[in-house]
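What follows is a single structure, written as structure tokens, with notes after it.
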Amino acid sequence: MAAIPFSITRWSAWAPGLDSSAAWAAWSRGAARADTPTEPDSSFVPAGMRRRLSPLARMVFAVARDVVDEGESMPTVFASRHGELDRTVELLSSIARDQDLSPTSFGLSVHNAIVGQWSMFRGDRSEVTAIAAAGDGLELALVEAAALLQERPGPVLVLFAEGDTPEPYTGFVSDVPFRHALALRVERGAEWTLARDEARGAPSAESAALVWLRANAAGAAAFRHDTARSGWVWSRA
Amino acid sequence: MSDLEAELTRLIIETLGLEDLRASDMDPAALLFDGDWGLDSVDALEIGLLLQNRYRIQIGDDKAQNRAHFESVRTLAAFVAAQRTA
């Protein structure tokens, strides 16, 4: 695969206690931890809509809002490896108890629900894409964004989020040390290039978003993110 | 407000995530779907499920009757009370 060029013209990330670039920089140096019991701001969403936003959706909305301007419209690509695991557990528990499923949880358990809610909140009918691609979600979201940028200069909104892992799945998730969300405003440009490396290394311990946040804070010229399937090489001009 | 009305008000607010409403402010006669509550059709299904799980009440197919039962917390409470003693 040829290297994909793009520019990230704005970004925002949120985790408990980490809600500014300075906080993420401190985290990347080991000087801050994502252990403050805070919630992302969702007060800008009307109450009638906010009540159907899951904790994962609230993180996504909080970071997405930071990188878009009022009234702008743009395609959105959302990626999450684990998605709405809370809802999955809730629905499966209902089935196990022989209870009918909550129509709200059922309707919002699909992978594209959060970006659908975002599009309704924004009144933006641009295309939305939701990706679940194991550990490769962020990179494949950027491949999708690059394809969209072939058609238009941008911007494309790339969203990535992982929630806290609920029981009984905690033993099966290793790349989400804490819940986090990342929004990238991606436009045509050559600030970054992303390439897939056939020779992959041992899978990275953290999600691509956390790997990116660490490297971005450190100002790294290039870094790798390896998954069970691919090696990804990110370079910054 | 009767105990059952208060309980239903609390359960509806909790189940539907109505963070901006306070149980103590709600008039049991307020309309659920066209008035102060501002609920929609998904909420109606959610309330039906709540009655089923909490009070073991099955909602029938008679639309006019269901609409009457689901008009307000007061009519819902009367419906629940009637089903309990039936």
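Scalar couplings 3J(HN,Hα) for the stretch A:139-152, obtained by applying the Karplus form with A = 6.51, B = -1.76, C = 1.60 to θ = phi - 60°, are 5, 5, 5, 6, 4, 4, 4, 4, 5, 5, 6, 5, 8, 8 Hz; x denotes Gly and Pro. Which of A:Ala199, A:Ala141, A:Ala62 moves the most in a Gaussian network model of chain A with Cα springs under 10 Å? Largest GNM mean-square fluctuation: A:Ala199.
With charges set only on the Cβ (+1 for Lys and Arg, -1 for Asp and Glu), what does the dipole of the protein assembly as shown come to about its Cα centre, in debye to the nearest 20?
Numbers: 31 positive and 45 negative charges, 152 e Å.
The dipole magnitude comes to about 740 debye.
Separation of the stretch A:70-123 and the stretch A:32-57, taken as the distance between their Cα centroids, equals 15 angstrom.
Just want to confirm a number: the relative contact order over chain B, from Cα pairs under 8 angstrom separated by 6+ residues, in percent. Could the numbers behind the result be given before it?
Details: 67 pairs, mean separation 27.3, N = 86.
Value for chain B: 32 percent.
Model label points for B:Arg10 and A:His111, set 7 angstrom from Cα along the Cα-to-Cβ axis, are 4.1 nm apart.
Would you please state which residues of the stretch A:208-237 a label at A:Ala195 would reach in this model, taking the label point 7 Å out along Cα→Cβ and a backbone N cut-off of under 12 Å? A:223, A:232-236, by backbone N distance to the label point. Estimated at 0.36 nm per residue, the fully extended path between A:Ser174 and A:Asp35 surpasses their Cα-Cα distance by 48.3 nm. The Cα trace of the stretch A:111-193 gives Rg and Dmax of 14.6, 44 Å, the first to one decimal, the second as a whole number.
From the gyration tensor of the Cα coordinates in the protein assembly as shown, what semi-axes in whole Å does the equivalent ellipsoid have, largest first, with each one equal to sqrt(5λ)?
Details: eigenvalues 385, 79, 64 Å².
Equivalent-ellipsoid dimensions as semi-axes: 44, 20, 18 Å.
Note down, for chain B, the three equivalent ellipsoid semi-axes (square root of 5 times each alpha carbon gyration tensor eigenvalue), biggest first, whole angstrom.
Numbers: eigenvalues 68, 41, 30 Å².
Semi-axis lengths for chain B are 19, 14, 12 Å.
Potential lengthening of the chain between B:Ala68 and B:Arg22 amounts to 14.1 nm, from the contour at 0.36 nm per residue minus the alpha-carbon distance. Remark: spin-label model distance A:Ser20-A:Arg224 equals 3.6 nm, labels positioned 7 Å along the Cα→Cβ axis. Sparse packing (at most 10 other Cβ atoms within 10 Å of the Cβ) combined with a DSSP loop state is found for the following trypsin sites (Lys or Arg not before Pro) in the stretch B:1-71: B:Arg22, B:Arg56.
Which value at 222 nm does chain A reach when only helices count, each DSSP H run of 4 or more adding -39,500 (n - 2.57), with the total divided by all residues and rounded to the nearest 500 deg cm²/dmol?
Details: 8 runs with 78 residues, N = 237.
Taking each H run of at least 4 residues, the total per residue is -9500 deg cm²/dmol.
What separates the Cα centres of the stretch B:16-31 and the stretch A:160-237 is a distance of 44 Å. When the Cα positions of A:Ala217, A:Thr88, A:Ala199 are compared along the charge dipole of the stretch A:85-237, A:Ala217 comes out farthest toward the positive end, with charges on each C-beta of Lys, Arg, Asp and Glu.
Backbone geometry of the stretch B:36-50 corresponds, through the Karplus equation with coefficients 6.51, -1.76 and 1.60 at θ = phi - 60°, to 3J(HN,Hα) couplings of 4, 6, x, 8, 10, 5, 5, 4, 4, 4, 5, 5, x, 5, 4 Hz, x marking Gly and Pro. About its Cα centre, the dipole of the stretch A:18-123 is roughly 100 debye, where the only charges are +1 on Lys and Arg Cβ and -1 on Asp and Glu Cβ.
Maximal additional length on extending the A:Ala205-A:Asp100 stretch stands at 34.0 nm, based on 0.36 nm per residue less the C-alpha distance.
Say R0 is 30 Å: what FRET efficiency, to the nearest 0.05, do B:Ala81 and B:Phe33 get from their beta-carbon distance? Display every interim value, and only then the final one.
Values: r = 21 Å, r/R0 = 0.70.
In this case the efficiency is close to 0.90.
Quick note: the coordinates plus some simple rules give every number you see, no bench work behind them. Fair warning: this is a prediction, and the values are worked out from it, not measured in the lab. With ideal geometry, Cβ positions are generated from the backbone for all residues, glycine too; neighbour counts draw on all protein chains shown.
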